[in-house]
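To start, the structure itself, in structure tokens.
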Amino acid sequence: MRLQKAAVVGAGAMGSGIACVLSQLGIEVLLKDVDQAFVDRGVSNIKRMYDSRVKKASLTQEQADQHMALIKGTTSYDDFKDVDIVIEAAFEEISVKLDIFKTLDRICPPHAILASNTSALSISEIAAATQRPDKVVGMHFFNPAQFMKLVEVIPGVKTSRETVEAAIELCKSARKTPIEVEECPGFLVNRVLFTYMNEAVHALQEGLADVATIDEQVVAQGLPMGPFALFDLTGVDVCAHVNTFLHQQYGPRFSPAPLLKKMVEAKMLGQKTGVGFYVHSKDQVKGEAKPINPELQKLIAQVDSECKTSKKGQSRPFSPDRVLLPMFNEALYCLQEKVVQADDINTGMRSGCGFKFSLLELADKKGLAQTLQDILAYHQEQGERFRPSWLLTKLVAAGVQSLKNEKEKTLQAVK
Ligand SMILES: NC(=O)c1ccc[n+]([C@@H]2O[C@H](COP(=O)([O-])OP(=O)(O)OC[C@H]3O[C@@H](n4cnc5c(N)ncnc54)[C@H](O)[C@@H]3O)[C@@H](O)[C@H]2O)c1
């Protein structure tokens, strides 16, 4: 598809990043929001993104000016009549998205692709609000969109192959790394990542190690930051919401750690409220370790007294396996459900989350059989969050020891 004009709906954090990415393709980009003040904020954000690239000499001032000149802020749909693609990045509420897609379908030309940057809502449901479900697709960018390489491309039930390929092609021309993901709750990356985030809170509640120790041990395994630093950066409330959603969709494998709810109630939401798992203050000296939130212990004590299923005193000492194995296991669930191809799991976790290792090769050192035994031991100790995927059980029964060497033969056969 030859793109000449694109539009982005929603000029917030994601919308402005996506508009910035599109403007670098040398095409006209409309950036729409509901209020002129939000449009102006989005356009200034993009200007700041370009200014910072000029400062770092990765772009000349002339190039930055040319890209900026392609962005037109608007509060109306008037200029949408000749767009080739729209990427929606408005609020994560289904009623908002359904309204937007109904309007887009009415106004945009018949050939236009309508994409949504939703993190979790159903692409098939959004597509059903239009008369062109074949041209509706999920394009899940990661934050900040102007830097992060990964884009999950998610077809809905009725999305055509042509639309999926056009979305993939667009990502590639914008120098992004697209992976195609079957529509499922959490898509690939959030689904896999939240098993780890949630498990870290369970381990913390059990008193196996403190916040900083768990973060440090995990970072030593090749993750760019520990789970608690990530909670505080993303927002404890946002993460708790995603976790609850995944629990509703997948059941006990995602049983939320009760401490999360307590933290949301206490407004300990992370960086945005100044306190989460850590204390964040403006006086913090750069490079110095942030103090752990001293109030956490009180909340954990409340969880202990209220929660009858607490495993306190019954668990083994903390090991990074406790939080890494659930991710590995969930990745195999994704494979057995044909959500993605094997290689895309490694690509997704590297480009979307900055993993310095390949998730599917996590088990290579000790072998798949030992990995399954370890997951089963946690299953006995912790319950359903560690139920092994049948794909893992099957591979071990077949004598497969490493997914690295088997990727071509065995795992591609799962497709
Ligand atoms: N923030 C993230 O880390 C992240 C990552 C990936 C995907 N997403 C998804 O991207 C979308 C946007 O998230 P965000 O973080 O940029 O939100 P945000 O709150 O920063 O921005 C949303 C913008 O949409 C505007 N808006 C709301 N209704 C609108 C409408 N009817 N028409 C036009 N504009 C409208 C709002 O005024 C606001 O400026 C959500 O679906 C979110 O789930 C967010």
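The values are calculated or read from the model by the stated rules, or taken from the named source; none is laboratory data. This one's a predicted model, so the numbers in the text were calculated from it and none came from an experiment. Backbone-built Cβ (ideal geometry, glycine too); neighbour counts: all protein chains shown. The area values use the complete protein model at the heavy-atom level, side chains included, leaving out ligands, DNA and RNA. Shrake-Rupley method; radii C 1.70, N 1.55, O 1.52, S 1.80 Å.
Could you please let me know if V9 is assigned by TED's automatic domain parsing to the domain that holds C171, more than 11 Å from the ligand (Cβ to nearest atom) and open to solvent by less than 50 Å² (accessible area, probe 1.4 Å)? So V9 fails the test. Can I94 be described as more than 22 Å from L3 (Cβ to Cβ) and open to solvent by 30 Å² or more (accessible area, probe 1.4 Å)? Answer is yes for this residue. Kindly establish whether I87 is touching a residue at least 60 places away in the same chain (Cβ under 8 Å) and assigned by TED's automatic domain parsing to the domain that holds S16. Considered against the rule, which asks whether it is touching a residue at least 60 places away in the same chain (Cβ under 8 Å) and assigned by TED's automatic domain parsing to the domain that holds S16, I87 comes out as yes. Anything in segment 101-112 that is assigned to a helix (DSSP H, G or I) and either in contact with a Lys or Arg (Cβ under 9 Å, 6 or more places away or on another chain) or open to solvent by 20 Å² or more (accessible area, probe 1.4 Å) (or both)? List them, or say none. Passing the criteria: K102, T103, D105, R106, I107. Residues of segment 56-78 include at least one that is without any contact (Cβ under 8 Å) to a residue 24 or more places away in the chain, surrounded by fewer than 21 Cβ atoms within 10 Å (Cβ to Cβ) and closer than 25 Å to K102 by Cβ.
Where helices (runs of 4 or more DSSP H) fall wholly inside segment 154-238, the ranges with 3 or more residues that are within 29 Å of E384 (Cα to Cα) and within 15 Å of the ligand (Cβ to nearest atom) are 189-205, 227-234.
L22 meets all of the listed conditions (1) under 30 Å from F245 (Cβ atoms); (2) within 13 Å of the ligand (Cβ to nearest atom); (3) among the hydrophobic types (A, V, I, L, M, F, W, C); (4) in a helix (DSSP H, G or I) but one, namely (2).
Here is a check on your reading of the model: is E306 open to solvent by 80 Å² or more (accessible area, probe 1.4 Å), closer than 16 Å to V211 by Cβ and at pLDDT below 95? No; evaluated as a whole, the condition is false for this residue. Please determine whether any residue of segment 17-35 is in contact (Cβ under 8 Å) with a residue 12 or more places away in the chain, open to solvent by 10 Å² or more (accessible area, probe 1.4 Å) and small (G, A, S). The answer is yes; a qualifying residue exists. Among the residues making up segment 82-93, those that are more than 6 Å from the ligand (Cβ to nearest atom) and at pLDDT 95 or above are D82, V83, D84, I85, V86, I87, E88.
Of the conditions (1) open to solvent by 40 Å² or more (accessible area, probe 1.4 Å); (2) at positive phi, G274 clears all except one; give me its number. Condition not satisfied by G274: (1). Within segment 81-98, does at least one residue satisfy the condition of being hydrophobic (A, V, I, L, M, F, W, C), farther than 18 Å from L114 by Cβ and assigned to a helix (DSSP H, G or I)? No; the residues of segment 81-98 include none that is hydrophobic (A, V, I, L, M, F, W, C), farther than 18 Å from L114 by Cβ and assigned to a helix (DSSP H, G or I). From the set of residues in segment 325-379 that are closer than 17 Å to L395 by Cβ and among the aromatic types (F, W, Y), which is least open to solvent (accessible area, probe 1.4 Å)? Among them, the one singled out is F328.
Taking (1) farther than 16 Å from A174 by Cα; (2) away from the ligand (no atom under 11 Å from the Cβ); (3) small (G, A, S); (4) not in a helix (DSSP H, G or I) in turn, A120 satisfies each apart from (2).
Taking segment 382-415 as the range and being acidic (D, E) and either at pLDDT below 95 or surrounded by 18 or more Cβ atoms within 10 Å (Cβ to Cβ) (or both) as the test, the residues that pass are E406, E408. Mind checking which residues of segment 125-141 are within 16 Å of the ligand (Cβ to nearest atom) and open to solvent by 30 Å² or more (accessible area, probe 1.4 Å)? Result: E125, single match. Return the residue satisfying two criteria in turn: it lies in segment 40-55 and is away from the ligand (no atom under 16 Å from the Cβ) and either open to solvent by less than 50 Å² (accessible area, probe 1.4 Å) or of a type in the set (A, V, I, L, M, F, W, C) (or both), and of such residues it is nearest to G12 (Cα to Cα). Only one residue tops the list, namely Y50.
Being open to solvent by less than 40 Å² (accessible area, probe 1.4 Å) and part of a helix (DSSP H, G or I) is the filter; apply it to segment 254-270 and report the residue that is nearest to N190 (Cα to Cα). The extreme case among them is F254. Is it true that some residue in segment 163-178 is buried (at least 20 other Cβ atoms within 10 Å of the Cβ), in contact with a Lys or Arg (Cβ under 7 Å, 6 or more places away or on another chain) and of a type in the set (S, T, N, Q)? Yes; the residues of segment 163-178 include at least one that is buried (at least 20 other Cβ atoms within 10 Å of the Cβ), in contact with a Lys or Arg (Cβ under 7 Å, 6 or more places away or on another chain) and of a type in the set (S, T, N, Q).
Close contacts from segment 114-125, counting a first residue that is touching a residue at least 12 places away in the same chain (Cβ under 8 Å) and a second that is assigned to a strand (DSSP E or B) and surrounded by fewer than 18 Cβ atoms within 10 Å (Cβ to Cβ), with Cβ to Cβ under 6 Å and a gap of 6+ residues or different chains, come to none at all.
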